[in-house]
Amino acid sequence: MDVRIQAIKFDASEKLVVFINKKAERLQRHYPAIISADFKLTVVKPESANNKQVVVKVAFPGGEYVADKTADTFEEAVDVALEAIDRKMEKSKDK
């Protein structure tokens, strides 16, 4: 699986990159058909609580899923977004 992380107007820390890669690997273990996962990280202005936005796009044969989540930290936003993707993939697997 190809994992791309794009930090808009800031530099993502090594710790954050490792965290995202680890979460993407976990999703890949549940759904081996995943081709790529794109993470777009943005700090929403003005500086306040819940200003970290993550857009996750997961591509697989036959389509893709996108989740857009905002939280206090990037880690929390990534967790919530990947949970949403997981639920969508689980629903499509049942069909």
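The values are calculated or read from the model by the stated rules, or taken from the named source; none is laboratory data. The model shown is predicted, which means the values in this text are computed figures rather than measured ones. Every residue, glycine among them, receives a Cβ derived from its backbone with ideal geometry; neighbour counts consider all protein chains shown. Accessible surface areas use protein heavy atoms only, side chains included; no ligands, DNA or RNA. Shrake-Rupley method; radii C 1.70, N 1.55, O 1.52, S 1.80 Å.
Quick notes
- Within the accessible area of the chain (1.4 Å probe), percent carbon and sulfur: 51 percent
- When only the Cβ of Lys, Arg, Asp and Glu is charged (+1, +1, -1, -1), the dipole of the chain relative to its Cα centre reaches about 220 debye.
- For the range 1-60: accessible area per residue (Å², 1.4 Å): 63 Å²
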